[in-house]
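Worksheet for the structure shown next.
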Amino acid sequence: SPRIGEEQGSTWQPGPLQRVPAAASGPETYALFRPSEVLYGPNSSSIRRLEAEMVGVRLGDVYDALALPWQIDRKDVNGPFGSDWTEGLEPDFWVSTDTGKVCFAALEATPSASSPSSSGPAAHVDRPGQYHKEVGGPWQHFASSPEAPGDRGGFHCCVVSAGPAAAPRSAPSWTLVAKLADFGLAMGRDAGLRVEFAALVRDDCEALVASLGPHDECRSLFCVDEGLHLPAGTLLLADPAELADLGGDGPAVPSGLGAGRYPVYISKDEMDTVCRITVAFHPVSAGKVSPRFPPFASSAKVATAVTVATLLPVSPSPSASSTAAQPAASPLRSPSPAALARPTLPPRPQVSSPSSSKAAAVAAAAPKEALLSSSASSARRASSAGRPAAEAGAA
């Protein structure tokens, strides 16, 4: 009988999911981690909500098996991509792709003889900024993203200045990570697991957010490549198909649902040095990338202090409703001049223990069994038509 739970062979039916009017309010407790702490620390599986045997697996090892074999393509390269959710965004740069991948390519300190010349359709991009190319035309440089043409055809790439040129031994190393999420339904089809965002993070910087709230970035986070160096101090973000003309080399990441024009966000540390470069493939990520790490830190070049942000209603997670909807509202409001374009998290509690103890505290506060019962997670799942997000570790 279902009423006798101790009886062998009995059954139990869980209660139906219920939609809540709003997520629980209050400050969001979080912790910051370096890439190595998230990917290889003693509590990596708990922080990332993965099975223990998945800790050492990279994105390229499992993505083809997890992702569905279809993507969105652009019919005409002379026309727009048609991504409605990118309208109204004000990122630092833009990058477009028609192959369904975005390459994080390190540029050479000195262009080699085999590099493209500085004129013609295959011009070498050697200056930081936004680039745009009409079909059959040359690459044109723009000092800032608003000056460049929008989503009206052609191709987009960008060059980010991440620091001075340095020898590999003295230059900081970087790790490329990507977060998987269930995109729900797109164009009437099951989109399944896709890359929600990809981020190149400096290894010595705590620039990955772990929490039980909407700003968590560590769930189903995978390593794409590590030990990367930028000999010229510059990074090219472009469609891999353009590298033959542009130069540079580096790993590529699948871009969400496929072809599109995607926002690029630059984050800096307390010393006003670039510590993270993020490409968002979903509106949920586009509204949450912090421009500063720690999020409450002010620029060394700005006299005004960053005002503590105020938490607003939680944005929906990648789902059927958010994939084709208008851009998700920003979950935080920050009146600080240093964060006008993007929200920041409220200050985290003071952490005086070593990083291992910090990781243990986060793991203890976020066990895999209790994850689905958190109010923020339940609200996100209830808002996606009762469809629970897929666990990458279970797959």
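Between Gly41, Gly60, the distinction of being within 23 Å of Leu228 (Cα to Cα), touching a residue at least 24 places away in the same chain (Cβ under 8 Å), surrounded by fewer than 17 Cβ atoms within 10 Å (Cβ to Cβ) and not β-branched (Val, Ile, Thr) belongs to Gly60 only.
Of the residues making up the range 252-260, one or more are open to solvent by 30 Å² or more (accessible area, probe 1.4 Å), at pLDDT 95 or above and within 25 Å of Trp94 (Cα to Cα). Of everything in the range 157-171 that is in contact (Cβ under 8 Å) with a residue 40 or more places away in the chain and in a loop (DSSP other than H, G, I, E, B), the residue that is surrounded by the most Cβ atoms within 10 Å (Cβ to Cβ) is Ala162.
The residue that is least open to solvent (accessible area, probe 1.4 Å), counting only those in the range 142-155 that are over 16 Å from Ile266 (Cβ atoms) and in contact with a Pro (Cβ under 9 Å, 6 or more places away or on another chain), is Gly153. Among the residues that make up the range 99-116, is at least one of them at pLDDT 95 or above and open to solvent by 20 Å² or more (accessible area, probe 1.4 Å)? Yes, the range 99-116 has at least one match.
Selection over the range 187-213 of residues that are assigned to a loop (DSSP other than H, G, I, E, B) and open to solvent by 20 Å² or more (accessible area, probe 1.4 Å) gives a count of 6. Is it the case that some residue within the range 221-235 is modelled with pLDDT of 95 or more and assigned to a loop (DSSP other than H, G, I, E, B)? No, the conditions are met nowhere in the range 221-235. Counting only helices (runs of 4 or more DSSP H) wholly contained in the range 27-113, the ones carrying 1 or more residues that are of a type in the set (Phe, Trp, Tyr) occupy 35-40, 59-66. Residues of the range 266-275 that are surrounded by fewer than 24 Cβ atoms within 10 Å (Cβ to Cβ) and not polar (S, T, N, Q): Ile266, Lys268, Asp269, Glu270, Met271, Asp272, Val274.
The values are calculated or read from the model by the stated rules, or taken from the named source; none is laboratory data. Since the structure is predicted, the reported quantities are computational estimates derived from the model, not experimental observations. Virtual Cβ from ideal backbone geometry, glycine too; neighbours counted across all protein chains shown. Please note that ligands, DNA and RNA were not included when accessible areas were found on the heavy atoms of the full protein model with its side chains. Shrake-Rupley method; radii C 1.70, N 1.55, O 1.52, S 1.80 Å.
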